[in-house]
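This report concerns only the one structure given below.
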């Protein structure tokens, strides 16, 4: 899919499908730089930036020019989270700035969108993402295939998104991201990231001039889901980026990959799977989540004291990303969390859409079932 040589050259490669690829964004201060609530993100980041900029000013005015930065800076977890690069930026005199344009959508975990403060100073590494999703507008047209970094410890997985992904989408593995488009950091000069060489190779092999780069993108996404592909190349996928065989049915994989991409990106718009709502009449109606819990047989979900959801199909747990099923990811992430060091509370409940989480559960079950059905219907790798 990609090579370091092609990536370094930033030009048309003769041995890779994608010109560039990137790790997901790494903040090293997720409690500060991520939040379900945009207003909370603004408050947290303004507080952090204020502390950081004051420390930059104090460093510039220090009397002891040989001072050790580790000993010099304020150590207060409630005010700032230091990292290696942030201390280097302090020493360089870089000032941080908050503006609303840096508050972006991000895929923090599978089917878990969050607000991210996207900034070169406040994020430890943004990698190539200022050229992949430089502006909010590019989210409407760009797509990224995300796969585990080399040396992934969980079973192989892949995902497709139209927003900035976190480095560790599945907690346990890093992520390598292959975009369809790249841009200047202004959002202009859009370029297709699949090489002309790759397009020529696919057209020549299949003797089909109708194949487009979007078709290749969808073909790849479909193929990466194939259980036989994952099993056959399991060892290779642990130590190298994916290498893609030509299969007998290009269009079968391309169609399936397009369907998978549409439901994975558009998961918030699919119909809800119809669960049985068991309401506790002894407590007030309440759609707020603190922490959800599955029953031992995984057929019921305790949503809160007011509501239990019943009738979860066993097959919903067959669609997994990393070490959890997609539904288990949602249960794990959509809970109220308090960061022990900073005291920051991250609350997924939405005052403007109080039933968002309960609806999300039904939608993710639908996506899981449809994904399993599409994967089971993928063409054979070989005739």
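The values are calculated or read from the model by the stated rules, or taken from the named source; none is laboratory data. In this text, all values refer to a predicted model and were calculated from it rather than measured experimentally. Here the Cβ is made from the backbone with ideal geometry for all residues, glycine too, and neighbour counts use every protein chain on show.
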| request: Look at residue 182 and say whether it is farther than 20 Å from residue 378 by Cβ and either surrounded by fewer than 21 Cβ atoms within 10 Å (Cβ to Cβ) or at pLDDT 95 or above (or both). | output: yes
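Quick check on residue 107: is it under 28 Å from residue 8 (Cα atoms), under 22 Å from the mean Cα position of the chain (by Cα) and either assigned to a strand (DSSP E or B) or at pLDDT 95 or above (or both)?
Values: under 28 Å from residue 8 (Cα atoms): yes; under 22 Å from the mean Cα position of the chain (by Cα): yes; either assigned to a strand (DSSP E or B) or at pLDDT 95 or above (or both): yes.
The answer is yes for residue 107.
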| task | Taking residue 95 as the residue in question, decide whether it is in contact (Cβ under 8 Å) with a residue 24 or more places away in the chain and either assigned to a loop (DSSP other than H, G, I, E, B) or in the same structural domain as residue 159 (by TED's automatic domain parsing) (or both). | result | yes
| request: Report, by residue number, each residue of segment 365-383 that is surrounded by fewer than 18 Cβ atoms within 10 Å (Cβ to Cβ) and either more than 25 Å from the chain's Cα centre (by Cα) or part of a loop (DSSP other than H, G, I, E, B) (or both). | output: 377, 380, 381, 382, 383
| request: Check whether at least one residue in segment 22-34 is in contact with a helix residue (DSSP H, G or I) (Cβ under 7 Å, 6 or more places away or on another chain), surrounded by fewer than 16 Cβ atoms within 10 Å (Cβ to Cβ) and either in the same structural domain as residue 183 (by TED's automatic domain parsing) or at pLDDT 95 or above (or both), and report yes or no. | output: no
| task | Could you check residue 191 against (1) buried (at least 18 other Cβ atoms within 10 Å of the Cβ); (2) more than 25 Å from residue 108 (Cβ to Cβ); (3) out of contact with any helix residue (DSSP H, G or I) (no Cβ under 9 Å at 6 or more places or on another chain) and say which number it fails? | result | (1)
| message | What's the number of the only condition in (1) more than 24 Å from residue 32 (Cα to Cα); (2) in contact with a helix residue (DSSP H, G or I) (Cβ under 6 Å, 6 or more places away or on another chain); (3) surrounded by 18 or more Cβ atoms within 10 Å (Cβ to Cβ) that residue 317 fails to meet? | response | (2)
| field | Selection count, segment 128-161, where residues are under 13 Å from residue 182 (Cα atoms) and assigned to a loop (DSSP other than H, G, I, E, B) | value | 8
